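The values are calculated or read from the model by the stated rules, or taken from the named source; none is laboratory data. Please read these numbers as outputs of a predicted model, since none were measured by experiment. Note: ideal-geometry Cβ built from the backbone for every residue, glycine included; neighbour counts use all protein chains shown.
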């Protein structure tokens with residue numbers, strides 16, 4: 001089982017922790033109480049989920065954009081990229097967890113022993129006391145997933161025709177970083193016309209981008225999976 005406890009910040013990671021706390025405080029000043037995520041459209045089909053239902057598909061690459069919510073506002077945005085026969089990558093832009101050597105965290109990307117959705121939810125709920133986490137999921141082609149994987153794994157060292165992409169970001173920039181990554185590499189699955197500075201703003205846009213499913217974890221309530229209604233040609 002992958003450990004789910006948060007790393008105690010080192011001297012190097014302490015500034016990231018401070019920036020993270022400041023970010024949450026600033027966002028909280030403009031939000032209402034008991035925030036619990038984006039409302040799910042009424043025509044989406046929502047069902048209760050068992051643990052097996054939220055496991056990664058073994059033969060299909062997937063992109064999961066994760067939005068974490070506190071009691072006042074959204075706190076953090078990050079993503080997971082799964083790829084058959086490769087280690088799952090977990091990009092935690094501006095974060096400070098999973099820093100032990102066995103995670104091989106490089107430039108904010110966890111390359112080894114990346115947390116599953118359930119493991120990460122346990123951490124956010126237990127270590128951060130957050131009540132809600134949502135994961136927006138898209139199925140990718142192997143070609144598109146391979147490009148995303150290359151960009152995140154190699155970071156600035158990747159040889160890219162459209163210039164360098166640096167996944168290593170300071171605190172406060174998690175949502176804008178994820179937005180910019182999806183803007184450059186998310187097509188044809190997502191249309192990202194701009195960057196979003198708050199996880200809540202990013203989540204609102206993601207809901208309009210026809211994810212394959214939306215997995216919602218809530219403290220004290222069953223996990224749910226919501227899917228858009230079938231299209232005529234689906």
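Answer with yes or no whether residue 201 is in a helix (DSSP H, G or I), under 19 Å from residue 75 (Cβ atoms) and touching a residue at least 24 places away in the same chain (Cβ under 8 Å). So that I can check it myself, show each step before the final result.
Numbers: in a helix (DSSP H, G or I): yes; under 19 Å from residue 75 (Cβ atoms): yes; touching a residue at least 24 places away in the same chain (Cβ under 8 Å): yes.
Considered against the rule, which asks whether it is in a helix (DSSP H, G or I), under 19 Å from residue 75 (Cβ atoms) and touching a residue at least 24 places away in the same chain (Cβ under 8 Å), residue 201 comes out as yes.
Test residue 60 against the criterion of being in a loop (DSSP other than H, G, I, E, B) and modelled with pLDDT under 90, and give yes or no. Before the answer, list the steps.
Details: in a loop (DSSP other than H, G, I, E, B): yes; modelled with pLDDT under 90: no.
No; evaluated as a whole, the condition is false for this residue.
Any residue in the range 93-112 that is within 16 Å of residue 82 (Cβ to Cβ) sitting within a Cβ distance under 9 Å of a residue that is modelled with pLDDT under 90 and surrounded by fewer than 20 Cβ atoms within 10 Å (Cβ to Cβ)? List the pairs, counting only those 6 or more apart or interchain.
The qualifying pairs are 109/155; 109/168.
When you check residue 162 against the structure, is it more than 17 Å from residue 65 (Cα to Cα) and surrounded by fewer than 20 Cβ atoms within 10 Å (Cβ to Cβ), yes or no?
Numbers: more than 17 Å from residue 65 (Cα to Cα): yes; surrounded by fewer than 20 Cβ atoms within 10 Å (Cβ to Cβ): yes.
Answer is yes for this residue.
Do we find a residue being over 25 Å from residue 213 (Cα atoms), out of contact with any strand residue (DSSP E or B) (no Cβ under 6 Å at 6 or more places or on another chain) and surrounded by 21 or more Cβ atoms within 10 Å (Cβ to Cβ) anywhere in the range 110-121? Before you say what the answer is, go through the steps one by one.
Just the residues of the range 110-121 that are over 25 Å from residue 213 (Cα atoms), to begin with: 112.
Then drop every residue that is not out of contact with any strand residue (DSSP E or B) (no Cβ under 6 Å at 6 or more places or on another chain), which leaves 112.
The next check asks that each one be surrounded by 21 or more Cβ atoms within 10 Å (Cβ to Cβ); those that pass are none.
No, that holds for no residue.
Filter the range 179-198 down to the residues that are out of contact with any strand residue (DSSP E or B) (no Cβ under 6 Å at 6 or more places or on another chain), assigned to a loop (DSSP other than H, G, I, E, B) and under 24 Å from residue 153 (Cβ atoms) and list them by number.
Residues satisfying the conditions are 186, 187, 188, 190, 192, 195.
Would you check which residues across the range 151-178 are in contact (Cβ under 8 Å) with a residue 24 or more places away in the chain, farther than 21 Å from residue 82 by Cβ and part of a loop (DSSP other than H, G, I, E, B) and list them? Please lay out each step first, then the result.
Our first condition is that a residue be in contact (Cβ under 8 Å) with a residue 24 or more places away in the chain; within the range 151-178, this holds for 151-153, 155-156, 166-175, 177-178.
Remaining after also requiring farther than 21 Å from residue 82 by Cβ: 156, 166, 168-173, 175.
Passing the criteria: 166, 168, 169, 170, 171, 172, 173.
Could you list, in sequence order, all residues of the range 86-108 that are at pLDDT 90 or above and at positive phi?
Across the range 86-108, the qualifying residues are 104, 107, 108.
Would you pick out the residues in the range 199-218 that are touching a strand residue (DSSP E or B) at 6+ places or on another chain (Cβ under 7 Å) and surrounded by fewer than 20 Cβ atoms within 10 Å (Cβ to Cβ)? Walk me through how you get there before you give the answer.
Residues of the range 199-218 touching a strand residue (DSSP E or B) at 6+ places or on another chain (Cβ under 7 Å): 199-200, 202-203, 206, 211-218.
Those that are touching a strand residue (DSSP E or B) at 6+ places or on another chain (Cβ under 7 Å) and surrounded by fewer than 20 Cβ atoms within 10 Å (Cβ to Cβ): 212, 218.
For (1) assigned to a loop (DSSP other than H, G, I, E, B); (2) farther than 19 Å from residue 61 by Cβ, each residue gets a yes or a no:
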{"position": "75", "(1), (2)": "no, yes"}
{"position": "79", "(1), (2)": "no, no"}
{"position": "99", "(1), (2)": "yes, yes"}
{"position": "118", "(1), (2)": "no, yes"}
{"position": "123", "(1), (2)": "no, yes"}
